[in-house]
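Remarks on the structure that follows.
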Amino acid sequence: MVGICVATTALVVVMSVFNGFHQLIESRLGVLDPPLKVVPADGKTLERADSLCREIAALPSVDGAFPVVSERALAIMGDRQTAIRLYGIPSDLYPAFSSLSLAGNPWVEYYPGIEPAVVSVGVANELQAPIGTEQLMGLYVPKRVGRINPANPLGAFRTDSVALTSAFALNQPEYDRDAVFAPLSLVRNLLQYDEQATEIHVFPSPKGEQDALRELQNALGDKALILTRMQQQESSFKIVNMEKWMTFILLGFILIVASFNIISSLSLLIIEKQDNALTLSALGLDRKSLRRVYVWCGVLITAFGATLGIILGTLLSLGQQHFGWVKLAADPSMLSIEAYPVVFNPADLIPVAALTAAIGLVTALIATVRR
């Protein structure tokens, strides 16, 4: 019973820990990734994106919609250079960076006529970029329109300069590694775009995400794809869910090993109670009913152990979730969280209870198959 209890407790706690990591990833994604994102169904850009944003913003369940342009580019600062992912965003999205800044003041215009930019910590380290100084960063992208002179390779690029106002860290490799955010007008001019956008960030009204999703699907049809936050970072969530259920399976094997004790205990019980079984048989109890007694004994052992494990696992998970008893073993100043993230989900108890019930029944049947 203790073995079943410990294994069941571990199942509940580990699944709650993975729920915590899932929520942690979602909260990190929520800083820069919008709740809903509209991307082209075909091609690379959405035409008339500004007009489309106004149409989307007019939907009843939508609070705002903003065009965003993203493209690969080359950043040069002094004698250092690196490939970047350049994002052009409108000023409405600037406030999101205020809580992410590691150095400098995001979007403060240091120099008249020079557009501000915000870079990820990876770009800042790669270029050894001094933040908030007079040194500017050059942006280079290939020309989309016009002729290219092979004798003048630099003529194949359009260039502009930005002032680095801040460096940010999001603890997400896809952003922290090579992201640079600049004003939408600058990036559009650099890429020779008019009203095109590569994506539209949509912000539904509070608790209206499903309604907004349905309205967007009706309004856009098959002209564009609408991605939820989980679909935008599908690989990250898939990894967490895969790890969660792989761990569940591994702990399930441990639970199966623990159930071998039930087989041993029932076998010893059957041997010990042979005289009693003969007496019951003499009084008229048939073989099938006698076997059912031992089966129920095994099922009750599993049921009591699993019930205690579920209660204990639930209490431990809720305690860690609300009080953070178990801390991460590292310098707190270097961590974004101090304690293991745990989120208890009652729905996780269903597969745990189903697994323990199945194992208990099967082991009891195995122990009594020849009795």
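The values are calculated or read from the model by the stated rules, or taken from the named source; none is laboratory data. Values in this document were obtained by computation on a predicted structure and should not be read as measured data. Don't worry about glycine lacking a Cβ; one is built from the backbone with ideal geometry, like all the others, and counts go over all protein chains shown. When the accessible area is computed, the model is the full protein with side chains, heavy atoms only, and any ligands, DNA or RNA have been set aside. Shrake-Rupley method; radii C 1.70, N 1.55, O 1.52, S 1.80 Å.
Inspection of the stretch 153-175 identifies no residue that is surrounded by fewer than 16 Cβ atoms within 10 Å (Cβ to Cβ), at pLDDT 90 or above and in a helix (DSSP H, G or I). Can you confirm whether Gly208 is over 30 Å from Asp63 (Cβ atoms), open to solvent by less than 30 Å² (accessible area, probe 1.4 Å) and of a type outside the set (A, V, I, L, M)? When the stated conditions are applied, Gly208 does not pass them.
For residues in the stretch 69-106 being open to solvent by less than 40 Å² (accessible area, probe 1.4 Å) and assigned to a helix (DSSP H, G or I), which is nearest to Gln196 (Cα to Cα)? Among those that are open to solvent by less than 40 Å² (accessible area, probe 1.4 Å) and assigned to a helix (DSSP H, G or I), it is Leu93. Applying the set (1) touching a helix residue (DSSP H, G or I) at 6+ places or on another chain (Cβ under 8 Å); (2) open to solvent by less than 80 Å² (accessible area, probe 1.4 Å) to Met230 leaves exactly one unmet item: (2).
For the stretch 1-50: of the residues being polar (S, T, N, Q) and within 13 Å of the chain's Cα centre (by Cα), which is modelled with the lowest pLDDT? First the steps, then the outcome.
Here is the first cut: in the stretch 1-50, the residues polar (S, T, N, Q) are 8-9, 16, 19, 23, 27, 45.
Filter once more, so that each one left must be within 13 Å of the chain's Cα centre (by Cα): 19, 23, 27.
Numbers: Asn19: 92, Gln23: 85, Ser27: 76.
Only one residue tops the list, namely Ser27.
Pairing residues of the stretch 107-125 that are closer than 15 Å to Ile89 by Cα with residues that are in a loop (DSSP other than H, G, I, E, B) and open to solvent by 20 Å² or more (accessible area, probe 1.4 Å), at Cβ distances under 6 Å and at least 6 apart in sequence or on separate chains, gives Pro116/Trp107; Pro116/Glu109; Val118/Pro106. A Cβ distance below 6 Å, combined with a sequence gap of six or more or placement on separate chains, defines the contacts here; from the stretch 4-18, residues that are within 14 Å of Leu349 (Cβ to Cβ) reach residues that are of a type in the set (D, E, K, R) in the pairs Met15/Asp348.
Cβ-Cβ under 6 Å, sequence separation 6+ or interchain: first residue in the stretch 211-223 and open to solvent by less than 100 Å² (accessible area, probe 1.4 Å), partner not hydrophobic (A, V, I, L, M, F, W, C). Which pairs? What qualifies is Asp211/Ser61; Ala212/Ser61; Ala212/Pro204; Glu215/Ser61.
Going by the conditions given, is Thr247 in a helix (DSSP H, G or I), among the polar types (S, T, N, Q), modelled with pLDDT of 85 or more and closer than 30 Å to Leu349 by Cα? Yes: the conditions hold for Thr247.
Would you check which residues across the stretch 241-253 are closer than 19 Å to Ile25 by Cα and either touching a Leu at 6+ places or on another chain (Cβ under 8 Å) or crowded, with 16+ Cβ neighbours inside 10 Å (or both) and list them? Selection gives Lys244, Thr247.
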